[in-house]
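*Asks:* A single structure is presented below for examination.
The values are calculated or read from the model by the stated rules, or taken from the named source; none is laboratory data. All of these numbers come straight from a predicted model, not from anything done at the bench. Positions of Cβ are generated from backbone atoms using ideal geometry, with glycine treated the same way; all protein chains shown enter the neighbour counts. These area figures cover heavy atoms from the full protein model, side chains too; ligands, DNA and RNA do not enter into them. Shrake-Rupley method; radii C 1.70, N 1.55, O 1.52, S 1.80 Å.
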Amino acid sequence: MATAPRSEPPAPTSSGAERAGTVVWTDRFLDYTWTAEHPMKPARLKFTMALAESLGLLDGVELLEPSPAGLPDLLRIHTPDYIEAVEHAVPPVGSPVAPPYGLGSPDNPVFPHMHQAASTIVGGTLAAAREIAEGRAERAVSIGGGMHHAMPDSASGFCVYNDPAVAISWLLDHGFDRIAYIDVDVHHGDGVQRVFYGDPRVLTISLHQHPATLWPNTGWPEEIGAGAAEGTSINLPLLPGTRDAQWLRGFHAVVPGAVEAFRPQIVVSQCGVDTHREDPLADLALTVDGQRAAFRAMRELADRHAEGRWLAVGGGGYGLVRVVPRAWTHLLATALGRSIAPTTPIPPGWIDRIRAEAPRADPPRTMGDGGDVAYRPWDGPGGTAETGDAQFDRAQRAVDMAVLATRRATFGLLGLDPEDPRD
């Protein structure tokens, strides 16, 4: 695969100067509302946009308002009977153990106008894809997207329609034939992986909490793709408690080498932030600083290997006040090329708004957690250096074992040496 020919990406169609980055936003994203008890709440999106605005990040930025995705685009990924079931779903009586199409379960309760709300999420990610494909932007971000668990014929993991998969399918039909998808959500990107598991045109990379310890219990290193696509599904599972330094060591030991070998024309990133140490649904231990470093690393990969083309979407993240707004404000800044230092104070007006709308919350005071994002690059089998900190050293060894398992499973199929840290 390292020597596969690379097609030319589509030429820009716009006559004016390209915009560095585009933000896709509509208040209709807030209609994707489950139940009062459900952990995925649209307030996280509202608080993010309010924080970005209060920092002046969106000054001079014209937000791109999307239209809902139509049936032809939903049919790229989803079956007709499933779409029809979503369109006509009504709240069920009771809580069936195995509800049809995954609808009506505790994870995926039916809510009013569900099809319209979910279609708008997909429309947002498609709008971002079009901006890049048609040359109006190098980078585009839609924080409302990232519903990576939805399956072709069922809802799953808070996800009704799989917007990243729909957008990737659309890009494949509009001039792109080598797409790298990088998923940094704490949960395995199982839906996107399944859709493209046999498609050699799409490289899917997922870094996630170990499947033995977290739903959906998939994403083992041995899941490598099928047929002609063997080697294009890459999974790096990380143990609970993994911190910034180990996570970034793992990322840089696996992702850059695979992306360089694949030679994509565009990078698509699912940027879930439930990897944070305060997230209530998972057990990794990243800080906002570490998440910011991950976003910047993915943008750099797009700059280096895909002529800057980067499509970023949101995803998981259930620290509604203290985590998601800061992390995704950094994501917006990264896409716009407008860096915000982690030491930047949170504007008092935003804190006042949080106190009014969520009086029990403890708002953060700065745009970072004081996390240390320095990491030692992976240096091959047996290269784990001892620091004298027993807990840190154990965590480092665990990450290095995971890195080696992942590289041995896939790197040879990409024309790389899994034992050589230079690859």
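*Asks:* Where the only charges are on Cβ atoms (+1 Lys, Arg; -1 Asp, Glu), what is the dipole of region 174-235 about its Cα centre, to the nearest 20 debye?
*Replies:* 100
*Asks:* Ok, one more. Antiparallel as a % of all DSSP beta bridges within region 126-243, to the nearest 5?
*Replies:* On the way: 2 of 13 bridges.
Approximately 15 percent, going by the DSSP bridge assignments.
*Asks:* Which of Leu284, Phe295, Leu332 sits farthest toward the positive end of the charge dipole of region 282-423, with +1 on the Cβ of Lys and Arg and -1 on the Cβ of Asp and Glu?
*Replies:* Leu332
*Asks:* Another question about this same structure. Only helical DSSP H runs with n ≥ 4 go in: add -39500 (n - 2.57) per run for the chain, normalise by residue count and round the 222 nm mean residue ellipticity to 500 deg cm²/dmol.
*Replies:* Estimated from H runs of four or more residues: -10500 deg cm²/dmol.
*Asks:* Then there's this: Per-residue HN-Hα couplings for region 346-358, Karplus 6.51 cos²θ - 1.76 cosθ + 1.60 at θ = phi - 60°, whole Hz, x for Gly and Pro?
*Replies:* Values, residue by residue: 6, x, x, x, 5, 4, 4, 5, 4, 5, 6, 8, 9 Hz.
*Asks:* Answer with a single label: of [x] 54, 54, 46; [y] 64, 45, 39; [z] 66, 52, 41, which was calculated as Cα extents along the principal axes in Å from the structure in view?
*Replies:* Correct label, based on the coordinates given: [x].
*Asks:* Tell me which of Val195, Ala165, Val141 sits at the most positive position along the dipole axis of region 94-249, charges placed on C-beta atoms (Lys, Arg +1; Asp, Glu -1).
*Replies:* Val141
*Asks:* Can you tell me what share of the DSSP beta bridges in the chain is antiparallel? A percent to the nearest 5 is fine.
*Replies:* Around 10 percent of the beta bridges assigned by DSSP in the chain are antiparallel ones.
*Asks:* Using the charge dipole of the chain (Lys, Arg: +1 at Cβ; Asp, Glu: -1 at Cβ; taken about the Cα centre), state which of Ala226, His174, Cys271 has its Cα farthest towards the positive end.
*Replies:* My answer, from the dipole projection, is Cys271.
*Asks:* Taking the full set of protein chains and a 1.4 angstrom probe, give the accessible area of Lys46 in square angstrom, rounded to the nearest 10.
*Replies:* Counting only protein heavy atoms, Lys46 exposes about 70 Å² to solvent.
*Asks:* If you don't mind, another one. Find how much the distance from Arg365 to Ala390 grows on full extension, using 0.36 nm per residue of separation minus their present alpha carbon separation; answer in nm with one decimal.
*Replies:* 5.8 nm
*Asks:* Could you work out how much longer the chain between Ala212 and His174 gets when fully extended? Use 0.36 nm per residue separation minus the Cα distance between them, nm to one decimal.
*Replies:* 9.8 nm
*Asks:* Based on alpha-carbon centroids, what's the gap between region 372-423 and region 234-290 in Å, whole number please?
*Replies:* Cα centres, region 372-423 to region 234-290: 14 Å.
*Asks:* Taking the Cα of Leu71, stepping 7 Å toward and past its beta carbon, and measuring to each backbone N in region 143-171: which are under 18 Å?
*Replies:* The answer is 153, 161.
*Asks:* So, one more: Give, in nm to one decimal, the length gained when the segment between Gln116 and Asp303 is fully stretched (0.36 nm per residue of separation minus the Cα-Cα distance).
*Replies:* 63.8 nm
*Asks:* Based on Cβ point charges of +1 for Lys and Arg and -1 for Asp and Glu, what charge dipole magnitude is obtained for the chain about its Cα centre, in debye rounded to the nearest 20?
*Replies:* Magnitude of the dipole: close to 660 debye.
*Asks:* Which percent of the accessible area of region 193-344 is formed by carbon and sulfur heavy atoms (probe 1.4 angstrom)?
*Replies:* Reported share for carbon and sulfur atoms: 49 percent.
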